[in-house]
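For reference, the structure is listed below as structure tokens.
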Amino acid sequence: MTGTSESPTIVWLRDDLRVADNPALLAAIDRGGPVVLLYLLDEASPGIRPLGAASRWWLHHSLAALGTDIAERGGALVLRRGGAETELPRLVDELGAGAVLWNRRYGGPQRRVDAALKSALREAGLEVRSFQSNLLVEPWTVTTGEGNPFRVFTPFWRACLAKGAPREPLEAPASIPGLAGVPGDELEHWALLPTSPDWAGGLREAWTPGEAGAHDRLEAFVTDGLENYAKGRDEPGTDSTSRLSPYLRFGEISPFQIWQRTQRGDLSPAAEGNVVKFLSEVGWREFNWNILFHFPDLHERNFRSEFDAFPWETPTPPVLEAWRHGRTGVPLVDAGMRELWQTGYMHNRVRMVVASFLVKNLLVDWRVGEKWFWDTLVDADEASNPGNWQWVAGSGADAAPYFRVFNPVLQADKFDSRGDYQRRYLPELDTDAYPDPIVDLKASRAEALRAYEYVRRGDHR
């Protein structure tokens, strides 16, 4: 079929659940004719990793908010479920669509699906275009002088910054020329929300998913948190981090919008002094996506292959459950795991501590922890989640040396000296009900260093 400017345009939404700064949406409107916004819940395409439980909760509320935003502009959000290579052409045929537009994604299985669809739809006579939307810098445009991907963050981010300021974000369309009567699923029928039991009460208290919630959160951070960011970001008992990660993960806000907001002239001098540090954390997200683009098995395979021989131990169920549910007897670790269980989130400093405790004090394979975070974090994405776990384990890009073992007691003394964070999540901390540690920190650190030496010396060869 050959589309005309009056034939419908499908905008295939993925990790870009917003109407502002959405290049695919604006290009569809500019094309003329009706616009159909599609979200596919694709759990069937090969290699696509199904969402964890906390992410499914977020997705439900994000789609509900997005559907309202689109309807207020005259459009409609169409929900379908199934493999993209089947469902997208089916909708094209139903509508007689002339174009399909989307914003790019960067995981290996997703890129294979997108490339196959782009080829097939173009062969069928459709206009198919993709756009840069969710990363400041396209991964294939940032390489070393030898043309290889960067393996270390600092030169990577320096190369990104050398490209100049990112583009300005795009305004939200005032209206969307919708197409009435396109059949789709009811969101409630997807059963994304927990019911038996409903464990999401803490998530509901902590978060407001959706594009409006994203911008409210950004504004609150810029106004109240950025001034103390460089120091306060390491203190879990203070509200000095942006907490934008789940909104970025689902594309309810773009990195271009975040960048632009930090460049406005209404920041206090103290806040302005912390912009570079904050944007470097946005850069760390870009770095992880760059790594994933070149190393698509990041959640399954050691980035540094020498760690394939690491002598991980198989944890007993009681030990693993103690870590998962915050009953290790190590207060900062337990507080972090309780925060995760209650809110779907964990302070970044504490993430490093609980990951180090699992991987180095308990000698548990980092993939075990990565899978737990994938299921329980509202901000778990394909790049940052495994990338950060591998960073702590020592097996990843720009990794912390394996011999750096975060001592959770010293970390608590340094970053939560009054115990505010620990007591918030451990009301039993100063009572006889709080358990003894499940492992000796000093002895387990020594065991971890012996295991590291085994790999470093190549004794396994």
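The values are calculated or read from the model by the stated rules, or taken from the named source; none is laboratory data. Since this is a predicted model, take the numbers as computed values, not measurements. Here Cβ is always computed from backbone atoms with ideal geometry, including for glycine, and neighbour counts include all displayed protein chains.
Quick look at the values:
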quantity: Conditions (1) free of Cβ contacts under 8 Å to residues at least 24 places away in the same chain; (2) within 21 Å of Ser7 (Cα to Cα); (3) among the aliphatic types (A, V, I, L, M); number of the one not met by Leu91; calculated: (1)
quantity: Residues being closer than 29 Å to Gly98 by Cβ and part of a loop (DSSP other than H, G, I, E, B) - total across the stretch 122-162; calculated: 8
quantity: Among (1) out of contact with any Lys or Arg (no Cβ under 9 Å at 6 or more places or on another chain); (2) closer than 26 Å to Ser242 by Cα; (3) polar (S, T, N, Q) - the single one Thr431 does not satisfy; calculated: (2)
quantity: Residue in the stretch 234-254 that is buried (at least 19 other Cβ atoms within 10 Å of the Cβ), within 28 Å of Gly74 (Cβ to Cβ) and among the polar types (S, T, N, Q) present; calculated: yes
quantity: Flag for Val137 being in contact (Cβ under 8 Å) with a residue 24 or more places away in the chain and under 27 Å from Gln257 (Cα atoms); calculated: yes
quantity: Cβ-Cβ under 7 Å pairs, at least 6 apart or on other chains, the stretch 392-404 side assigned by TED's automatic domain parsing to the domain that holds Lys360, far side among the polar types (S, T, N, Q) and outside any helix (DSSP H, G or I); calculated: Ser395/Asn302
quantity: Any chance Thr316 is surrounded by fewer than 20 Cβ atoms within 10 Å (Cβ to Cβ), over 21 Å from Gly232 (Cα atoms) and outside the structural domain of Glu286 (by TED's automatic domain parsing); calculated: yes
quantity: Some residue of the stretch 339-362 being within 18 Å of Glu428 (Cβ to Cβ), aliphatic (A, V, I, L, M) and crowded, with 22+ Cβ neighbours inside 10 Å; calculated: yes
quantity: The stretch 184-204: number of residues that are surrounded by fewer than 12 Cβ atoms within 10 Å (Cβ to Cβ) and either touching a helix residue (DSSP H, G or I) at 6+ places or on another chain (Cβ under 8 Å) or within 16 Å of Ala64 (Cα to Cα) (or both); calculated: 4
quantity: All helices (runs of 4 or more DSSP H) inside the stretch 368-461 with 2 or more residues being over 29 Å from Leu248 (Cβ atoms) and either within 24 Å of the chain's Cα centre (by Cα) or of a type in the set (Ser, Thr, Tyr) (or both); calculated: 441-457
quantity: Residue match in the stretch 148-162 (condition: of a type in the set (D, E, K, R), in the same structural domain as Tyr247 (by TED's automatic domain parsing) and without any contact (Cβ under 8 Å) to a residue 60 or more places away in the chain); calculated: yes
quantity: Boolean, Asp239 is in a loop (DSSP other than H, G, I, E, B), out of contact with any Cys (no Cβ under 6 Å at 6 or more places or on another chain), touching a residue at least 24 places away in the same chain (Cβ under 8 Å) and of a type in the set (Asp, Glu); calculated: no
quantity: Of the criteria (1) in contact (Cβ under 8 Å) with a residue 12 or more places away in the chain; (2) assigned by TED's automatic domain parsing to the domain that holds Gln257, which one Ala180 fails; calculated: (2)
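Residues checked against (1) exposed (fewer than 14 other Cβ atoms within 10 Å of the Cβ); (2) under 25 Å from Val359 (Cβ atoms); (3) at pLDDT 95 or above:
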| site | (1), (2), (3) |
| --- | --- |
| Arg418 | yes, no, yes |
| Arg423 | no, no, yes |
| Lys442 | yes, yes, yes |
| Val455 | no, yes, no |
